[in-house]
Amino acid sequence: MTEEASRTPSSNGKTVTATIGSSLIPIINRLQDILSPFGGELAKISLPQVAVVGSQSSGKSSVLEALVGRDFLPRGCDICTRRPLALMLENRSQKNADDDGRDWAEFRHLPGKRFYDFARVREEIMTETNKEAGSNKGVSDKQIRLKVSSPNVLNMTLVDLPGITKVPVGDQPTDIEERIRGMIMAHIKQENCIILAVSPANSDLATSDALQMAKAADPTGSRTIGVITKLDIMDRGTNACNFLLGKVVPLSLGYVGVVNRCQEDINQNRSIQDALAYEAQFFRDHPVYNGLSDRCGVPQLAKKLNQILEQHIRIILPGLKSELNSRMIAVAKELKKYGQVMESKAEQQVILLNILTRYCEAFSAMVDGKSQEMSTKELFGGARIHYIFQSIFVKTLEEVDPCQDLTDDDIRTAIQNATGTRNSLFVPEVPFELLVRRQIARFLEPCFQCLRFVHDELIKISRACEVTSLQRFPILRRHLDDVMGQFLHDGVRPAQVMIKNLIELELGYINSSHPSFIGGNKAVELAMQEMKSLQDGTDAEKVPTIETGQRSRTDLLKSVVNGVLPNGVLPNQGNHSQSINQKAVSNGGNSSSRSWGISSIFGSKAQSGVSTARKNLGETLHDGEQLPSVIQLKEPPSILRPLEMTERDTVEIIVTKLMLGSYHDIVRKNIQDLVPKAIMHFLVNHTKRNLHNTFIQKLYRENQIEELLEEQEDVAANRKHAHEVFSVLQQAVQTLDEVEADVSTGNSNSNYDLNTAGPSRISESSPFLQSRTNGERISSYESSFPSPKTRRLSYAEDHWLSYI
């Protein structure tokens, strides 16, 4: 018979035999040993393994025992597997002086205790099952971990899951089927899990529960191996050839048919070796199965499982290393956050100074946009301050109407109040300055609001400065926040004073000579154009006349510009001047003796001369017949408003608005430029420059360092836990480091074929192959493997230590 082992020259020229999976699968088993005891998140790391799935009494237990070569699983007519059993098979091919070659088992919950009697292994499984699931058919998802070391097994990891049952018995809940299915799916849905779907040949294979669940977890069938048991008890004239060839339910990894020990064989203590010999004879003599030798028999199943598991490990090993590396980085960062235990006062002082320094550096980095934790989802740090300046403060001021809250009546009233008892010759300056100061004063509040916004942003930035080592000291954090808040509050005051001074500078001197100011002449010109456009849009509207007739709006504007009305009459003379001139003409042109016409209101006696007009008031009062009726004036109301608007008023209002808008823009631009500068200088930059010194003065005091560096109660426990996790992960990474250099890329000498034995084959001395010839069993595999050259992972140990 052809030897099914890989012959590899050794260093001394001799040829040694290498068992498939002799290097990789034991590494995964060691990882299981390292990670599983710790529990928690580490226990959830998905490692390559084979999950055995099947319905109750499908023959799962018989298959597992055949693979191990030992009777060690609970038996019975009801549900036997009530807790998942993680079974790690270790091929112990190389003996040492202390190795007697015997098979032994060891439970994870009983470390160091080896079981050489496998009947006691069965008892321990039952005892542990009853502890968690009760003694009356209950089930539990808590694993039992069992390691079997033998020279007669192939390296692999199998998980025996409870059989699918449909009818509750004993203490089982009514939803037992749903619970068991959920437990099975939790295992087989993991991508690193190879599914061993066990189905009995004496049932309808097309509706197999195991195959249906495997298809749900592995729709493509790329990681499912089908096992068809009890081929020897199928109805006469039938066979499972089409299933074994994958014609009914195709699976990428194919099927293997086996023959189990029946209950009678078990009752009669028929050995597994005898059963394997019977199986080999059955397939050799069967007219259909003898042509499918690569798909039949427990030895072929063992070889297939070992081979597939090894290839699967090669595929997932880089990803597994990456996951362990990522977890180590995360734990290292967590350890860095907890820091080291401080044993002296000098260490405390160094830590406190380091925290204060790094806090200030982090604050400045956030303001300057140099933080390493920059967000890509929203504005952050100094970018928010810039947004406040440009998109809120500047944009809001640009949208302000210079004449907001000023009606035309307000402007006209201000102008008339500025003229006092006289009528104005020109548009007066006083109301313009009064109104423009009123509008400038409105800038003060938005400037203060901008300052408050920036102050609030600095508070947010300070709270976002999560210095890693600061998180373990809540008292220090609280004092830092208090000092920071007071420091920023104190920084607001000088900024407020500066902003107020800027506004007062603008209020103190209205610079009408500013080169950007529109000026009176230009304003009147623009007002004339506006009035003309208004006139052109009306239907020959008439304008008021000044006794002599009608004039156009343009003539009126020209007269306003010159300060004179038509016919040489000054605006402040009015009708009285014309009346005086007419009176002078009627009196023969004697200007020295002209009368103001006041006496006419007292009757004809006024013509008797000035002396008559000045007669004693008492005498006049006695002359009742000559007195006219008394004219009564109305009392002026407490609040007076200007009369109806004239064209002159309209022109003055337009001119005033133009000048207000022009000067308002000048002041606005100054404010938009100077206020952000003042806030940056007196608040933001001041904080960056002086924050560290303030912290040193307020917090770096010898009598309070110990109080400030008092840790939270759970920090010590969390630090200890993180150290343990880091140690476990470090051990796991070191275990992977021991894998030979060609594991990730694949050994050029290992070209496996799932349908053939391939270059790496099992030795003829294997008990499986021996059982197919003479039924005799030998003690061990004739296999060994040269000592591989180890290599380091991409992240060395000192890399992890740099995080602590």
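The values are calculated or read from the model by the stated rules, or taken from the named source; none is laboratory data. Note that this is a predicted model, so its numbers are computed, not measured. Glycine gets a Cβ as well: all are built from the backbone with ideal geometry, and neighbour counts include every protein chain shown. For the accessible areas, the whole protein counts, side chains as well, though only heavy atoms, and no ligand, DNA or RNA atoms are used. Shrake-Rupley method; radii C 1.70, N 1.55, O 1.52, S 1.80 Å.
Determine, yes or no, whether Met498 is aliphatic (A, V, I, L, M), over 30 Å from Leu708 (Cα atoms), in contact with a Lys or Arg (Cβ under 7 Å, 6 or more places away or on another chain) and modelled with pLDDT of 50 or more.
Values: aliphatic (A, V, I, L, M): yes; over 30 Å from Leu708 (Cα atoms): yes; in contact with a Lys or Arg (Cβ under 7 Å, 6 or more places away or on another chain): no; modelled with pLDDT of 50 or more: yes.
So Met498 does not fit the description; no.
Surrounded by 15 or more Cβ atoms within 10 Å (Cβ to Cβ), among the charged types (D, E, K, R) and over 24 Å from Asn501 (Cα atoms) - does that describe any residue in region 667-677?
No, there is no match, as no residue in region 667-677 is surrounded by 15 or more Cβ atoms within 10 Å (Cβ to Cβ), among the charged types (D, E, K, R) and over 24 Å from Asn501 (Cα atoms).
Select from region 191-212 the residues that are open to solvent by 60 Å² or more (accessible area, probe 1.4 Å) and under 40 Å from the mean Cα position of the chain (by Cα) and write down the one among them that is farthest from Arg181 (Cα to Cα).
Among those residues, the one meeting the criterion is Glu191.
Mind checking which pairs have a first residue in region 240-256 that is in contact (Cβ under 8 Å) with a residue 24 or more places away in the chain and a second that is part of a loop (DSSP other than H, G, I, E, B) and open to solvent by 30 Å² or more (accessible area, probe 1.4 Å), Cβ under 6 Å, 6 or more apart or different chains?
Cys241/Val288; Ser252/Ser222
With the structure loaded, tell me whether Lys230 is out of contact with any strand residue (DSSP E or B) (no Cβ under 8 Å at 6 or more places or on another chain) and among the charged types (D, E, K, R) or whether it fails that test.
no
Of everything in region 114-147, what is open to solvent by less than 30 Å² (accessible area, probe 1.4 Å), part of a helix (DSSP H, G or I) and not aliphatic (A, V, I, L, M)? Give them in sequence order.
Listed by number, the residues that qualify are Phe118, Glu128, Thr129.
Yes or no: region 678-686 includes at least one residue that is part of a helix (DSSP H, G or I) and in contact with a Pro (Cβ under 6 Å, 6 or more places away or on another chain).
Yes, there is a match, as at least one residue in region 678-686 is part of a helix (DSSP H, G or I) and in contact with a Pro (Cβ under 6 Å, 6 or more places away or on another chain).
Out of (1) more than 20 Å from Ile194 (Cβ to Cβ); (2) surrounded by 21 or more Cβ atoms within 10 Å (Cβ to Cβ), what's the single condition that is false for Ser322?
(2) is the only condition that Ser322 fails.
I'm trying to understand the selection: among the residues of region 38-87, which are under 21 Å from Ile233 (Cβ atoms), assigned to a helix (DSSP H, G or I) and either among the aromatic types (Phe, Trp, Tyr) or touching a helix residue (DSSP H, G or I) at 6+ places or on another chain (Cβ under 8 Å) (or both)?
Val63, Glu65, Ala66, Leu67, listed by residue number.
Applying the selection to region 699-715, what residues are in contact (Cβ under 8 Å) with a residue 60 or more places away in the chain, in a helix (DSSP H, G or I) and under 18 Å from Tyr338 (Cβ atoms)?
Those that are in contact (Cβ under 8 Å) with a residue 60 or more places away in the chain, in a helix (DSSP H, G or I) and under 18 Å from Tyr338 (Cβ atoms): Leu708, Val715.
Go through region 156-165 and give me each residue that's assigned to a loop (DSSP other than H, G, I, E, B) and farther than 21 Å from His312 by Cβ.
Initially, region 156-165 is screened for residues assigned to a loop (DSSP other than H, G, I, E, B), giving 161-163, 165.
Correct list: Pro162, Gly163, Thr165.
Among the numbered criteria (1) at pLDDT 90 or above; (2) aliphatic (A, V, I, L, M); (3) assigned to a helix (DSSP H, G or I), which single criterion is violated by Ile180?
(1)
To keep it simple, each residue is scored yes or no on (1) modelled with pLDDT under 85; (2) open to solvent by less than 20 Å² (accessible area, probe 1.4 Å); (3) not in a loop (DSSP other than H, G, I, E, B).
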residue: Pro299; (1), (2), (3): no, yes, yes
residue: Asn306; (1), (2), (3): no, yes, yes
residue: Val331; (1), (2), (3): no, yes, yes
residue: Leu335; (1), (2), (3): yes, yes, yes
residue: Met342; (1), (2), (3): yes, no, no
residue: Thr376; (1), (2), (3): yes, no, no
residue: Ile388; (1), (2), (3): no, yes, yes
residue: Pro402; (1), (2), (3): yes, no, no
residue: Thr413; (1), (2), (3): yes, no, yes
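Just give me the residues in region 218-248 being of a type outside the set (Phe, Trp, Tyr), open to solvent by less than 40 Å² (accessible area, probe 1.4 Å) and outside any loop (DSSP other than H, G, I, E, B), in sequence order.
If the condition is that a residue be of a type outside the set (Phe, Trp, Tyr), open to solvent by less than 40 Å² (accessible area, probe 1.4 Å) and outside any loop (DSSP other than H, G, I, E, B), then Thr224, Ile225, Gly226, Val227, Ile228, Thr229, Leu231, Cys241, Leu244 are the ones that fit.
Cβ contacts < 8 Å: first residue within 16 Å of Ala186 (Cβ to Cβ), restricted to region 28-54; second residue open to solvent by less than 20 Å² (accessible area, probe 1.4 Å) and part of a loop (DSSP other than H, G, I, E, B), any location; separation 6+ or different chain. Result?
Ala51/Leu161; Val52/Leu161; Val53/Leu161
Checking Phe380 against (1) part of a helix (DSSP H, G or I); (2) of a type in the set (A, V, I, L, M, F, W, C); (3) at pLDDT 75 or above: exactly one of these is not met. Which one?
Condition not satisfied by Phe380: (1).
Here are the criteria: (1) modelled with pLDDT of 90 or more; (2) of a type in the set (A, V, I, L, M, F, W, C); (3) more than 23 Å from Tyr387 (Cα to Cα). Tell me which single one Met531 does not satisfy.
Exception for Met531: condition (1).
Does Lys215 satisfy the criteria of being open to solvent by 10 Å² or more (accessible area, probe 1.4 Å) and outside any loop (DSSP other than H, G, I, E, B)?
On the way: open to solvent by 10 Å² or more (accessible area, probe 1.4 Å): yes; outside any loop (DSSP other than H, G, I, E, B): yes.
When the stated conditions are applied, Lys215 passes them.
Taking Val153 as the residue in question, decide whether it is of a type outside the set (S, T, N, Q), part of a loop (DSSP other than H, G, I, E, B), touching a strand residue (DSSP E or B) at 6+ places or on another chain (Cβ under 9 Å) and open to solvent by less than 20 Å² (accessible area, probe 1.4 Å).
Details: of a type outside the set (S, T, N, Q): yes; part of a loop (DSSP other than H, G, I, E, B): yes; touching a strand residue (DSSP E or B) at 6+ places or on another chain (Cβ under 9 Å): yes; open to solvent by less than 20 Å² (accessible area, probe 1.4 Å): yes.
Yes, satisfied.
Which numbered condition in (1) open to solvent by 40 Å² or more (accessible area, probe 1.4 Å); (2) assigned to a helix (DSSP H, G or I); (3) not small (Gly, Ala, Ser) is the only one that Pro515 fails?
(2)
Filter region 270-284 for residues that are of a type in the set (D, E, K, R), within 15 Å of Arg295 (Cα to Cα) and open to solvent by 40 Å² or more (accessible area, probe 1.4 Å) and give the result. Steps first, please.
From region 270-284, those of a type in the set (D, E, K, R) are 270, 274, 279, 284; that's our starting set.
Now narrow it down to the ones that are within 15 Å of Arg295 (Cα to Cα): 279, 284.
Scanning region 270-284 gives a single hit, Arg284.
Please find, among Ala346, Ala362, the residue that is among the small types (Gly, Ala, Ser), in a helix (DSSP H, G or I) and free of Cβ contacts under 8 Å to residues at least 60 places away in the same chain. Before you say what the answer is, go through the steps one by one.
On the way: Ala362 fails: free of Cβ contacts under 8 Å to residues at least 60 places away in the same chain.
Within the list Ala346, Ala362, the selection yields Ala346.
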